[in-house]
Amino acid sequence: MTNIEDKMTYKEQIDTNRLPQHIAIIMDGNGRWAQSRGLDRSQGHIKGTQTTRETIEWATRLGIRYITLYTFSIENWNRPEAEVSALMSLLFKNIEEKVFIDNKVRLRVIGDMSQLPAKVREKLQECMDHTAHFDRTTAVLALSYSSRWEITECARELARQAASGQLDPNEISQELISSRLNASFMPDPDLLIRTGGEIRLSNYLLWQSAYTELYFTDVFWPDFTEEEFCKAIVEYQRRQRRFGKTSAQIEGEEKAK
């Protein structure tokens, strides 16, 4: 890194011509952030909600097309009932339609929404309906989501169609599977960020992340800043995405452009 780059913020180092089209985030560390400060875990979730709102705004300002946030996994239903109830209440309170409308952000949801409380489903649906016309940035909440659930549901649907004669099993391809997944409306993530120090995907967008660049940070989600967000993007831009090809092939293709 040059001396000039040493003096630049990560935000200043971003090449706006090579932005990831889709960033997925595993927002981890709310509970541990709170416990490290002698607070109840719920306080970490409240602080993390503010970070989530700010992250959507940062992505919008940069021009990121899709940002997918792992908000609540299917496995999270196994947490203590009081914590789950508090999380659902917090979700309901923080589905702020004005935030999306003011930033011209379209809201989408992936996951098994049937498990969510009715009032949460209704509020989410209203916000999705009222922001459906925005086409610059789409914020996707992964709610009651797991990748294995998503793939299993897809497999069941394809199996039903094959059993009824509507689908020839020989016609099942990777492209067909991708088109039938719950998240089929958006491109695969270019960059996946996980906060909180854990180094795993936790059942998140497994099919879609086959060639995603992974970025892990020890920073807890409530402490995740715009500069940390930009740092992850700069790191992404420093990598060479080969998709199974050699470096020489990629460099040759870039020179030919």
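For this structure, a couple of remarks:
- On the beta carbon distance between N76 and A162, with R0 = 35 Å, the FRET formula returns roughly 0.60.
- Here the extension length gained between E83 and I177 equals 30.3 nm, from 0.36 nm per residue of separation less the Cα-Cα distance.
- DSSP loop chymotrypsin sites (Phe, Trp or Tyr not before Pro) with at most 16 other Cβ within 10 Å excluded, longest remaining stretch of the chain: 1-184
- Sorting R121, R136 by accessible area puts them as R136, R121; the probe is 1.4 Å, largest comes first, and only protein heavy atoms count.
- If you run the Gaussian network model on the chain, springs between alpha carbon atoms under 10 Å, then out of I74, I199, I46 the most flexible one is I199.
- Solvent-accessible ranking of M113, M8, largest area first, probe 1.4 Å: M8, M113
- The stretch between H133 and E97, if pulled fully straight at 0.36 nm per residue, gains 11.6 nm over its current Cα-Cα span.
- Within the full protein context, the accessible area of V109 is estimated at about 20 Å² for a probe radius of 1.4 Å.
- Region 122-158 and region 5-24 have Cα centres separated by 28 Å.
- In region 1-70, trypsin sites (Lys or Arg not before Pro) in a DSSP loop with at most 13 other beta-carbon atoms within 10 Å: R18, R37
- Cα shape, region 110-257, gyration tensor, a/c 1.5 rule: oblate
- In this structure region 145-207 gives 54 Å² per residue of accessible area when probed at 1.4 Å with all protein chains present.
- Computed with a 1.4 Å probe over protein heavy atoms only, the accessible area of T152 comes to about 60 Å².
- Additional length obtainable on full extension of the chain from Q237 to A118, 0.36 nm per residue less Cα span: 38.7 nm
- Of the trypsin sites (Lys or Arg not before Pro) in region 137-211, the ones in a loop by DSSP (not H, G, I, E or B) with at most 15 other beta carbons within 10 Å are R200.
- Treating r as the C-beta distance of M8 and L214 and R0 as 25 Å, the FRET efficiency rounds to 0.55.
- Shape category assigned to the chain from the gyration tensor of Cα positions, a/c cut at 1.5: oblate
- Carbon and sulfur %, accessible surface of the chain computed with the full protein complex present, 1.4 Å: 48
- Accessible area per residue was computed with a 1.4 Å probe on protein heavy atoms; M27 scores about 30 Å².
The values are calculated or read from the model by the stated rules, or taken from the named source; none is laboratory data. Note that the structure is predicted; figures quoted are calculated from it, not measured. When we count neighbours, we look across all protein chains shown, and the Cβ atoms used for this are built from the backbone with ideal geometry, even at glycine. Heavy atoms of the whole protein, side chains included, go into the accessibility calculation; ligands, DNA and RNA do not. Shrake-Rupley method; radii C 1.70, N 1.55, O 1.52, S 1.80 Å.
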